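Notes for the one structure printed next.
The values are calculated or read from the model by the stated rules, or taken from the named source; none is laboratory data. None of the values given here were measured: they were computed from a predicted structure. As a convention, Cβ positions derive from the backbone with ideal geometry for all residues, glycine included, and neighbour counts pool all protein chains shown.
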Amino acid sequence: MDKPPHESEVLNWFDSLSNWGRWGEDDQRGTLNLVTPEVRCRAARLVREGIRISCGRDIESQGGGPMHRLMASTGQGLDEVHRIPTPPIKFHVGEGNRGAWAGEYISMPVHYQTHVDALCHMFWDGRMYNDQPAALVTSEQGATVNDITAAREGVFTRGVLLDVASARGGKWLEPGDGVYPEDLEVAEQRVGLRVGEGDALLLRTGYGRRIRESGILPYDEHGQSGFHAACLPWLYERGVAVTATDTAHDVLPSGYDVIPLPFHYIGIAAMGLWTIDNADFEDLCTKCAEVSRWEFLFSFDPLRIVGGTGSPINPIATL
């Protein structure tokens, strides 16, 4: 694209790309409505080798990872004579205290590791998807509408991996490199596919490879590669149900002052688009290249967190 759209044009997309009311005034599923039973059946027929590949990142509690772990019981010191055992739980411990168990409590931010955003995640002018007031996300109950349980049955659809990093001839895109509709179409042409209605579009920027070779690059300091806002009308016209990236979607800096995260604000709040951030497509990309096939069954199952603004997930591609 020679010239990115002006910010005034991007702001107008809140209206022209809006799906408010499209599936009814009470709809909370947004673009998941495009994943029909027919779409699922077609996706199921894509399974040929029966090979399953994770598209998620490991969740770490060490080395600055996002998860905090508090062990309730461990196996340490079980053979020590003077060990004071964990208070027994009824029906768990037999005579002689020969049985033991391990368990923990964990806490972590939802919107950090590989996760899917619920449609309550983003507000614009005090409203969220389908014209619901932002005030319906409360401190006591979380999201009382548009929460993650709208996807309680999970998602099962055709996935298409578009490797824009390789299409541009590099190992990865640099921070601040935006992906435009032209990039998506070049990546489509390279693999002979066309993204269509109800699909999950998986965008590889190569950041997963960069993490493995150079470590995580903090986006708040360096920016990140990702979708440019210019892709939003393209996704709307194609009827994409889910987008997944190996970054956090928006190219940063986005180039816009009033709406610094246009993909998140317009995609989620106006379009009701389901977005998966911080995935990892390196293993999938290797396997797709090996079998010369870039479409597959794509699935993920959010946790049923009542009031949740999103959920950690482990997305799976099945070839």
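For segment 279-286, the criterion of a residue being touching a Leu at 6+ places or on another chain (Cβ under 7 Å), assigned by TED's automatic domain parsing to the domain that holds Gly159, farther than 17 Å from Leu201 by Cα and in a loop (DSSP other than H, G, I, E, B) is satisfied by no position.
Of all residues in segment 182-197 being closer than 25 Å to Asn33 by Cβ and more than 20 Å from the chain's Cα centre (by Cα), which is surrounded by the fewest Cβ atoms within 10 Å (Cβ to Cβ)? That would be Arg194. When you scan segment 211-234, do you find a residue that is surrounded by fewer than 16 Cβ atoms within 10 Å (Cβ to Cβ) and within 24 Å of Val195 (Cα to Cα), even just one? No, segment 211-234 contains no residue that is surrounded by fewer than 16 Cβ atoms within 10 Å (Cβ to Cβ) and within 24 Å of Val195 (Cα to Cα).
Restricting attention to segment 294-315, the residues that are surrounded by fewer than 24 Cβ atoms within 10 Å (Cβ to Cβ), closer than 30 Å to Arg190 by Cβ and of a type outside the set (S, T, N, Q) add up to 3.
Quick check on Ser292: is it of a type in the set (S, T, N, Q), more than 17 Å from the chain's Cα centre (by Cα), at pLDDT 95 or above and under 30 Å from Ala135 (Cα atoms)?
Numbers: of a type in the set (S, T, N, Q): yes; more than 17 Å from the chain's Cα centre (by Cα): yes; at pLDDT 95 or above: yes; under 30 Å from Ala135 (Cα atoms): no.
Here the answer is no, as Ser292 does not meet what is asked.
Considering the conditions (1) out of contact with any Ser or Thr (no Cβ under 8 Å at 6 or more places or on another chain); (2) surrounded by 20 or more Cβ atoms within 10 Å (Cβ to Cβ); (3) over 28 Å from Gln141 (Cα atoms); (4) polar (S, T, N, Q), Thr286 is excluded by exactly one of them, (2).
Assessment of segment 254-263 against the conditions (in a helix (DSSP H, G or I) and within 19 Å of Tyr112 (Cβ to Cβ)) yields at least one matching residue. Listed by position, the helices (runs of 4 or more DSSP H) contained in segment 141-216 that have at least 1 residues being basic (Lys, Arg) are 181-191, 207-214. The residue that is surrounded by the fewest Cβ atoms within 10 Å (Cβ to Cβ), among those in segment 59-78 that are under 26 Å from Trp274 (Cβ atoms) and without any contact (Cβ under 8 Å) to a residue 40 or more places away in the chain, is Glu60.
Is it true that some residue in segment 162-176 is farther than 30 Å from Lys3 by Cβ and surrounded by fewer than 22 Cβ atoms within 10 Å (Cβ to Cβ)? There is no residue in segment 162-176 that is farther than 30 Å from Lys3 by Cβ and surrounded by fewer than 22 Cβ atoms within 10 Å (Cβ to Cβ). Counting the residues of segment 17-51 that are assigned to a loop (DSSP other than H, G, I, E, B) and under 28 Å from Cys288 (Cβ atoms) gives 9. Listed by first and then second residue, the pairs linking a residue in segment 110-139 that is touching a residue at least 60 places away in the same chain (Cβ under 8 Å) to a residue that is part of a loop (DSSP other than H, G, I, E, B) and hydroxyl-bearing (Ser, Thr, Tyr), with Cβ atoms under 6 Å apart and 6 or more places separating them unless they lie on different chains, are Ala118/Thr309; Cys120/Thr309; His121/Thr309.
Just to be sure before I move on: is Val160 closer than 21 Å to Leu34 by Cα, touching a Phe, Trp or Tyr at 6+ places or on another chain (Cβ under 6 Å) and at pLDDT 95 or above in the structure I sent? No; evaluated as a whole, the condition is false for this residue.
Here is a check on your reading of the model: is Arg98 assigned to a strand (DSSP E or B), among the basic types (Lys, Arg) and at pLDDT below 95? For Arg98, the condition - assigned to a strand (DSSP E or B), among the basic types (Lys, Arg) and at pLDDT below 95 - is not met. Number of residues in segment 101-131 that are surrounded by fewer than 22 Cβ atoms within 10 Å (Cβ to Cβ) and either over 19 Å from Ile268 (Cα atoms) or out of contact with any helix residue (DSSP H, G or I) (no Cβ under 8 Å at 6 or more places or on another chain) (or both): the value is 15. Take the residues in segment 47-58 that are among the hydrophobic types (A, V, I, L, M, F, W, C) and surrounded by 17 or more Cβ atoms within 10 Å (Cβ to Cβ), then tell me which one is nearest to Asp199 (Cα to Cα). Selected residue: Cys55. Exactly one residue out of Gly255, Gly267 is buried (at least 24 other Cβ atoms within 10 Å of the Cβ) and within 23 Å of Leu17 (Cβ to Cβ): that is Gly267.
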